[in-house]
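Single-structure report; data block below.
Throughout, read-outs are computed from the coordinates displayed, never taken from laboratory work. Everything quoted here is computed from the prediction, not taken from an experiment. Backbone-built Cβ (ideal geometry, glycine too); neighbour counts: all protein chains shown.
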Amino acid sequence: MTILTSMKSSPEETLQQIFGFDAFLPGQEAVIAAVLAGRSALAIFPTGQGKSLCYQLPALHLPGLTLVVSPLMALMKDQVDFLIGKGIAAARLDSSLDFSEVNAIYDRLHRNELKLLYVAPERFANERFVALIARLRLSLLVIDEAHCISEWGHNFRPDYLKLAELAKTFAVPAVLGLTATATPKVAADIRQSFAVADADCIQTGFYRPNLTLLFEPAEDPDQALVDRLRELEEPDVVGGVGGPTIVYVTLQQTAMQVAALLAKEGFPAKPYHAGMKDEQRQAVQDWFMASDKAIVVATIAFGMGIDKSNIRAVFHYNLPKSLENYAQEIGRAGRDGLPSTCIMLGNGNDLHVLENFVYGDTPEPGHVPEFVDHILGQEAVFSCSIYELSGLFDMRPLVVKTLLTYLELEGLLASTGPFYSSYSFKPLRPSAEILPRFDAERQEFLRKILSCAVKQKIWFSIDLDEAAQRTGSPRKRVITALDYLEQQGDLVLKVSGARLGFRKLAADHLDIAVLKDGLVKRFAQRERSDLDRLGLVVDLVNQAGCKTGFLLRYFGEEPADACGHCSFCLHGENAQISGRASDAGVPEQKELAEALQQLRAEYPQVLASPRQITRLLCGLSSPGLTRNKLSKHELFGKLDKYPFAEVMEWVGGTL
């Protein structure tokens, strides 16, 4: 039986009858009560402590659809499989689905046959999806990984800033934010964005008494990892007797190398990183989930949304980039409540790589005001491509999205919605068979649309603006008609050329020069904030006191006593790491300086500033370097062993 109607039982009865639990975990009942009462809420629970139930159970009692926004494909798959196994009508829309599977889910939404739908935040860039959701009855909008909405959080995503606006557009009665890693400042941002009352912010605490936190910076992390894995197989070692293990690394190449090393040493180890194909990553995930001994060597791409309760050990081969990342990653160990071990092997040599990631995300200061001028120079209503703007101003796509979002928040732009510039279709039935099913007015409307189609080999391309003009109808109605024909099996649609539409607003209330300067400072502040966040990881390792207490205070809790199960509490001492990978500076590089001068003369725009040149030397790709094929040049990564700041200082003093 598939559950489609709202359940009449009490939440406690649903908990037992559907989910098979005898009692709520701490915090769950308060969150569920708020949501069922139509109030927005924020649940800050440790990883693996039952956040999902806080919306899955209410979804069965609410009359409409519960829409779950999550960036985690693994979570979507696992949760939907779990819900379907419980007889609950649930589905997911993600990049792993083919066109027919997506279409089938759209059909179910049209027929109100779903109680829960999981989507990525990027899905709202699909105008067909937004139009469909706007027509449905939404009872609850769930924002998983809600810390992504805060630009001062550890994983800010501009797409998340749009969610607050969409919640109003869809007139959702209640919003539920979920996160395992929110500092007090980030939690305040989330509450403000979704109008969550203080009383409906439920935080259960980060303390995990079953986790032993060890900090052992290693000059030879390969050997240290092998030795510790062998020790953990012994029953008398604190933390367990071996079992499923995650080894976190920073770089994809490191994941491959360390996994190969462990396999050579006889361990069942496999790599996992974002550069692998979807099917490869899925195969590794399935292998890990089914094993009681598997070791996955992974970048941070692995583990988010993985519901495996018996992970016995989590290693950090390299330093994590923030305390939020560290807390989230160690939180995947010991969800069954049994003793588990978390060991940090990373040392100061990791710092310059992590710092380089931060520097690489910061735009060239001079390009920010140029970007603003470009946008303000557009027509009153215009569209743009993230990809094109990224190349034009040598900014990573995330920076472009962030800048556009800032301009919206400053009142300079209003979004008119994302859309695709190119629509194509492949007929499955002749028009002579399609048109007679409709009345005279709709027949004429569809005939005019189809008359705009230009045949290629198999597919027909169609200019939507021309179709809208010829029919005298809004563009949205043309898209809705094509969407309907696809649902009826008359044709197959294919879309491409994602663009963002905007309308310029009056800028009289703003001093544009001040705005530009403020945006430059905002990115500089973000860079400093991320570097400071990395510095706190060093402070944790070097802390001459309870490590668990240091973590808890960072997340706004004040522990009563020392934990008794971290490096300092167990041994009374801990190894120290330096705050920077190198303090010696870049040595004299006369030949390199000459080669740079020559290269700069060949590419004056892409190598105009010290920051752009430093990216080249540190091996940090950018749209400009990639477009000019400089990421394959012999100077790319020439000084990748040195910290970004030191290289930029050398560049500034040399060129």
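Computed over all pairs of different Cα atoms, the Kirkwood value for the hydrodynamic radius of the chain is 27.3 Å. Put one equal scatterer on each alpha carbon of region 153-198, apply the Debye formula with no solvent term, and list log10 I(q)/I(0) at q = 0.20 1/Å to two decimals. Those come out to -0.69, one per q.
Comparing Cα centroids, region 58-89 and region 332-379 end up 30 angstrom apart. Residue order for Ser40, Ser415, fewest other beta carbons within 10 angstrom first, comes to Ser415, Ser40.
Taking every DSSP beta bridge that has both residues in the chain, what percent is antiparallel when rounded to the nearest 5? It would help to have the intermediate numbers written out before the result.
Details: 23 of 69 bridges.
For the chain, the DSSP antiparallel bridge percentage is about 35.
The ranking of Val368, Val358 by Cβ neighbour count inside 10 Å, starting from the fewest, reads Val358, Val368.
Taking region 460-516, which trypsin sites (Lys or Arg not before Pro) meet the DSSP loop condition and have no more than 11 other C-beta atoms within 10 Å?
Counting only loop positions with at most 11 other Cβ atoms within 10 Å, none of the trypsin sites (Lys or Arg not before Pro) in region 460-516 qualifies.
Dipole of region 475-551, Cα-centred, from +1 at each Lys and Arg C-beta and -1 at each Asp and Glu C-beta, to the nearest 20 debye?
In debye, rounded to 20, region 475-551 gives about 240.
Label-to-label distance, Glu433 versus Ile84, with points set 7 angstrom from Cα along the beta-carbon direction: 3.0 nm.
Rounded to the nearest 0.05, the FRET efficiency derived from the C-beta distance between Asp292 and Arg528 at R0 = 35 Å is 0.20. Rounded to the nearest 500, the 222 nm mean residue ellipticity of the chain from helices alone is -13000 deg cm²/dmol, with -39,500 (n - 2.57) taken per DSSP H run of at least 4 residues.
If you model region 413-500 as an ellipsoid using its alpha carbon gyration tensor, with each semi-axis the square root of five times an eigenvalue, the axes come out at 22, 16, 11 Å, biggest first. The separation of region 305-322 from region 608-655, counted between C-alpha centres, amounts to 32 Å. What's the long-distance tail for region 518-572, i.e. % of Cα pairs beyond 17 Å? For region 518-572, the fraction of Cα-Cα distances above 17 Å is 49 percent.
Could you quote the convex hull projected area for region 334-425, Cα atoms only and averaged over all directions, in nm²?
Details: hull surface 49.3 nm².
For region 334-425, averaging the hull's shadow over all directions gives 12.3 nm².
As a rough footprinting exposure proxy, the listed residues Phe45, Phe156 were ranked by other beta carbons within 10 Å of their own, and the order from fewest upward is Phe156, Phe45.
The listed peptides 343-353, 329-339, ordered by packing as a protection proxy, come out as 343-353, 329-339 (highest mean of other Cβ atoms within 10 Å first). Taken one residue at a time, the phi angles of region 44-52 give Karplus couplings (6.51, -1.76, 1.60, θ = phi - 60°) of 10, 10, x, 3, x, 9, x, 5, 4 Hz. Gly and Pro are set to x.
Over all distinct alpha-carbon pairs, what is the Kirkwood Rh of region 11-203 in angstrom? Write down the numbers at each step before the final one.
Working: mean 1/r = 0.0599 Å⁻¹.
When all Cα pairs of region 11-203 are included, the Kirkwood radius is 16.7 Å.
Please state the equivalent ellipsoid semi-axes for region 152-256: what are the square roots of 5 times the Cα gyration tensor eigenvalues, largest first, in whole Å? Sorted largest first and rounded, they come to 41, 19, 12 Å. In whole angstrom, region 584-634 maps to an equivalent ellipsoid with semi-axes of 18, 13, 10, each derived as √(5λ) from the alpha carbon gyration tensor and ordered largest first.
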